[in-house]
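Chemist: Here's a structure for you.
The values are calculated or read from the model by the stated rules, or taken from the named source; none is laboratory data. Here the structure is a predicted model, which is why all the values come from computation and not from measurement. Ideal geometry is used to build each Cβ from the backbone, glycine not excepted, and the neighbour counts take in all protein chains shown.
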């Protein structure tokens, strides 16, 4: 059995271990539930954090993954209204033509990976014979558009909705009978030091907000505390574990943190400027004998954006404010082109 069942009040929550499943994107349990609920004419809400067709393309021969020319991320692949593929960078919005040959080794052995909502919608129609409503950010990114969406839901009454977690709170009229989260651990794969807490908050809200009795959470990490805590609606326990983790790793609220970001079109200039300030900060720390102050330099998750390379200097300490006031005046950090984030939410 690849799932664990939790019972919370009148709700039945099924946590499915996708590492033991061969079917994609639906587990065996989710497939059975879809057939059953669709046959009964009930409403189904699918949560998937990918709004495109496929997240990336990869060559099976050399492993090459096409990336944006201006940003250090893979190209996401969409289908237009004529069902033709095109690529797009989700940062700078540069569009690319679909190619059948690998740009590195020039073979034809390329495939698309990472099922997005467009492909999920197509699979629902092909496999289950149901047309779903795809809700993307472009149709729910303002109060007016959300009002129009609610009107559409109340008049058209679609049986299946597909949308991302960021849009999950925009629907107050349409109430599902079954909720399926395609990847309950997707919010954990980010550099936020609060990623676990954010994942818990979303799943806990999703389970408690809707009145439907059946929720299926698919995950590759079924032992993650944020997911299990959400299944039990254990807010107190999750808070206690999250605070303990932040205290052990010296994160806020147990310390102050500052992030210095530098960007440059020339990579050598980026390294030289960042390294120079890093050495000066270390010198100030030793001069003032602030031995508990943590200073380290690291590239961000996305190394290049809009054609500019980026590098971080991270500072962590309980008395960081006094140190930074001295560093601002002595090292002229802002005048040297560094962006200063005094309370960063992400690393």
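Chemist: Look at residue 344 and say whether it is closer than 22 Å to residue 194 by Cα, within 32 Å of the chain's Cα centre (by Cα) and modelled with pLDDT under 90.
Modeler: On the way: closer than 22 Å to residue 194 by Cα: yes; within 32 Å of the chain's Cα centre (by Cα): yes; modelled with pLDDT under 90: yes.
So residue 344 fits the description; yes.
Chemist: Please work out if residue 92 is within 18 Å of the chain's Cα centre (by Cα), at pLDDT 85 or above and farther than 20 Å from residue 187 by Cα. Explain how you work it out, then say what you get.
Modeler: Working: within 18 Å of the chain's Cα centre (by Cα): yes; at pLDDT 85 or above: yes; farther than 20 Å from residue 187 by Cα: yes.
For residue 92, the condition - within 18 Å of the chain's Cα centre (by Cα), at pLDDT 85 or above and farther than 20 Å from residue 187 by Cα - is met.
Chemist: Go through the range 327-337 and report how many residues are at pLDDT 90 or above and either within 16 Å of residue 283 (Cβ to Cβ) or not assigned by TED's automatic domain parsing to the domain that holds residue 313 (or both).
Modeler: Residues in the range 327-337 being at pLDDT 90 or above and either within 16 Å of residue 283 (Cβ to Cβ) or not assigned by TED's automatic domain parsing to the domain that holds residue 313 (or both): 6 in total.
Chemist: I need the full set of residues from the range 235-257 which are modelled with pLDDT under 95 and either crowded, with 21+ Cβ neighbours inside 10 Å or part of a loop (DSSP other than H, G, I, E, B) (or both), in order please.
Modeler: Within the range 235-257, 250, 251, 252, 253, 254, 255 meet the criteria.
Chemist: Looking only at the range 81-129, filter to residues that are in contact with a helix residue (DSSP H, G or I) (Cβ under 9 Å, 6 or more places away or on another chain) and surrounded by 15 or more Cβ atoms within 10 Å (Cβ to Cβ); which one of those is nearest to residue 58 (Cα to Cα)?
Modeler: 112
Chemist: Next up: The conditions are (1) at pLDDT below 85; (2) part of a loop (DSSP other than H, G, I, E, B), and residue 184 fails exactly one of them. Which is it?
Modeler: Evaluating residue 184 over (1) at pLDDT below 85; (2) part of a loop (DSSP other than H, G, I, E, B) leaves (1) as the failure.
Chemist: Kindly indicate the residue of the range 172-201 that is without any contact (Cβ under 8 Å) to a residue 60 or more places away in the chain and more than 24 Å from residue 254 (Cβ to Cβ) and also nearest to the chain's Cα centre (by Cα) among those meeting that condition.
Modeler: Of everything passing the filter in the range 172-201, 189 is nearest to the chain's Cα centre (by Cα).
Chemist: On the basis of being assigned by TED's automatic domain parsing to the domain that holds residue 218 and at negative phi, does residue 101 make the cut?
Modeler: So residue 101 does not fit the description; no.
Chemist: Scan the range 52-82 for residues that are closer than 19 Å to residue 304 by Cβ, without any contact (Cβ under 8 Å) to a residue 60 or more places away in the chain and assigned to a strand (DSSP E or B) and jot them down.
Modeler: Within the range 52-82, 56, 67, 74, 76 qualify.
Chemist: Considering only the range 267-287, I want to know if a residue exists there that is in a loop (DSSP other than H, G, I, E, B) and not assigned by TED's automatic domain parsing to the domain that holds residue 225.
Modeler: no
A quick yes/no check of all residues on (1) out of contact with any strand residue (DSSP E or B) (no Cβ under 9 Å at 6 or more places or on another chain); (2) without any contact (Cβ under 8 Å) to a residue 24 or more places away in the chain; (3) part of a loop (DSSP other than H, G, I, E, B):
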position: 310; (1), (2), (3): no, no, no
position: 314; (1), (2), (3): no, no, no
position: 322; (1), (2), (3): yes, yes, no
position: 327; (1), (2), (3): no, no, no
position: 340; (1), (2), (3): no, no, no
position: 343; (1), (2), (3): no, no, yes
position: 346; (1), (2), (3): no, no, yes
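Chemist: Kindly indicate whether residue 296 is surrounded by fewer than 13 Cβ atoms within 10 Å (Cβ to Cβ), touching a helix residue (DSSP H, G or I) at 6+ places or on another chain (Cβ under 9 Å), under 20 Å from residue 340 (Cα atoms) and not assigned by TED's automatic domain parsing to the domain that holds residue 227.
Modeler: Yes, satisfied.
Chemist: Kindly evaluate residue 306 against the criterion of being surrounded by fewer than 19 Cβ atoms within 10 Å (Cβ to Cβ), at pLDDT 95 or above, within 25 Å of residue 191 (Cα to Cα) and out of contact with any strand residue (DSSP E or B) (no Cβ under 7 Å at 6 or more places or on another chain).
Modeler: Taking the combined requirement at face value, the residue satisfies it.
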